[in-house]
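Chemist: Dumping the structure here so I can ask a few things about it.
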Amino acid sequence: MTEFLLSVHVLVAIVTVGSITVAASMFPRFALRACGGGKEGDGRSEGTGAAVLLHRVCTGYAVAGVVVPVFGIATGAQLGVLTDAWLIVSLVLTVAAAALLGLAVLPGQRRLLALAEGAATEEEARPIASRLSMVTGMFNVLWAVVVVLMIVRPGSTTGA
């Protein structure tokens, strides 16, 4: 049973969190293009379509990503490591990443999409896009730390 839980946990993490990190990282560039920042001709409509798609990927996979900690906790319970420091830190960082995603990244994306729909200029959108890039980077770093903790597991007896 542990192998099944761990397999689902890892597979869903790769598919959902991996997709979110890539889509969220790409979003600001396409949102700026949608606001008139395209360099080759008028990339506004192409940028808008791509930005909308990337936002949908982030939103959809964020909802599906709830499965990751659920199966992670179930796996931790099966292994008897729920009170280990590395797992508690991982859970705290996961909550922090989810909060950043839900309270900063997705709202920032919606704000930029609204600017694009309102025919905002690149100059108007650039400060929001820059802040969104920074917050997205923080989100990505949190997940990178969680992945390292999951692999290294300080105090593990597996020799890793």
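The values are calculated or read from the model by the stated rules, or taken from the named source; none is laboratory data. This is a predicted model, so every value here is computed, not measured. Backbone-built Cβ (ideal geometry, glycine too); neighbour counts: all protein chains shown. We work out accessible area using only protein heavy atoms, side chains counted, and drop any ligands, DNA or RNA first. Shrake-Rupley method; radii C 1.70, N 1.55, O 1.52, S 1.80 Å.
Chemist: Which of 8, 74, 32 sits closest to the plus end of the dipole of the range 1-114, meaning its Cα is farthest towards the positive end, when Lys and Arg get +1 and Asp and Glu get -1 on the C-beta?
Modeler: Final value for the positive-end residue is 32.
Chemist: Hey, another quick one. Calculate the tail of P(r) for the range 1-87: the fraction of all Cα-Cα distances greater than 23 Å, expressed in %. Working shown, then result.
Modeler: On the way: 1595 of 3741 pairs.
Cα-Cα pairs of the range 1-87 separated by over 23 Å account for 43 percent.
Chemist: Also, I was wondering about something else. Given a Förster distance of 22 angstrom, what is the FRET efficiency for residue 123 paired with residue 103, based on the Cβ-Cβ distance and rounded to 0.05?
Modeler: Working: r = 26 Å, r/R0 = 1.19.
About 0.25, to the nearest 0.05.
Chemist: Taking only the alpha carbons of the chain, what extent do you get along each of the three principal axes, in Å, biggest first?
Modeler: 58, 24, 24
Chemist: Residues of the range 1-155: accessible area per residue at 1.4 Å, in Å²? Intermediate results must be reported in sequence, preceding the final value.
Modeler: On the way: 8180 Å² over 155 residues.
Using a 1.4 Å probe on heavy atoms only, each residue of the range 1-155 averages 53 Å².
Chemist: Under the Karplus relation 6.51 cos²θ - 1.76 cosθ + 1.60, θ = phi - 60°, what is the ordered set of whole-Hz ³J(HN,Hα) values for the range 142-149, x standing for Gly and Pro?
Modeler: 4, 5, 4, 5, 4, 4, 4, 4
Chemist: Let me ask something else about it. Which ³J(HN,Hα) values, rounded to whole Hz and listed in residue order, are derived for the range 21-29 from phi using the Karplus coefficients 6.51, -1.76 and 1.60 in 6.51 cos²θ - 1.76 cosθ + 1.60 with θ = phi - 60°, glycine and proline given as x?
Modeler: 4, 5, 5, 5, 5, 7, 4, x, 4
Chemist: Could you compute the FRET efficiency for residue 25 and residue 82, with r as their C-beta to C-beta distance and R0 at 25 Å, rounded to 0.05?
Modeler: Numbers: r = 32 Å, r/R0 = 1.28.
Calculated transfer efficiency: 0.20.
Chemist: Suppose every Lys and Arg Cβ carries +1 and every Asp and Glu Cβ carries -1, with no other charges. What dipole size does the range 5-160 come out with about its Cα centre, to the nearest 20 debye?
Modeler: Details: 10 positive and 8 negative charges, 20 e Å.
Around 100 debye, computed over the range 5-160.
Chemist: Further question on the same structure: Using θ = phi - 60° and the Karplus form 6.51 cos²θ - 1.76 cosθ + 1.60, what ³J(HN,Hα) does each residue of the range 58-71 get, whole Hz, x for Gly and Pro?
Modeler: 4, 5, x, 6, 5, 5, 5, x, 4, 5, 4, x, 4, 6
Chemist: Rank by packing, highest mean first: peptides 22-29, 134-141, with packing defined as the count of other Cβ atoms within 10 Å averaged across residues. Please report the intermediate quantities before stating the final value.
Modeler: Values: 22-29: 20.4, 134-141: 17.0.
By packing density, highest mean first, the sequence is 22-29, 134-141.
Chemist: Could you tell me the relative contact order of the chain? Use alpha-carbon pairs under 8 Å, at least six residues apart, and round to a whole percent. Don't skip to the answer; put the middle values down first.
Modeler: Working: 173 pairs, mean separation 49.2, N = 160.
Dividing the mean separation by the residue count of the chain yields 31 percent.
Chemist: Considering only protein heavy atoms and a 1.4 Å probe, what is the carbon-and-sulfur percentage of the accessible area of the range 33-139?
Modeler: Numbers: 3720 of 5570 Å².
For the range 33-139, the apolar C and S fraction of the accessible surface comes to 67 percent.
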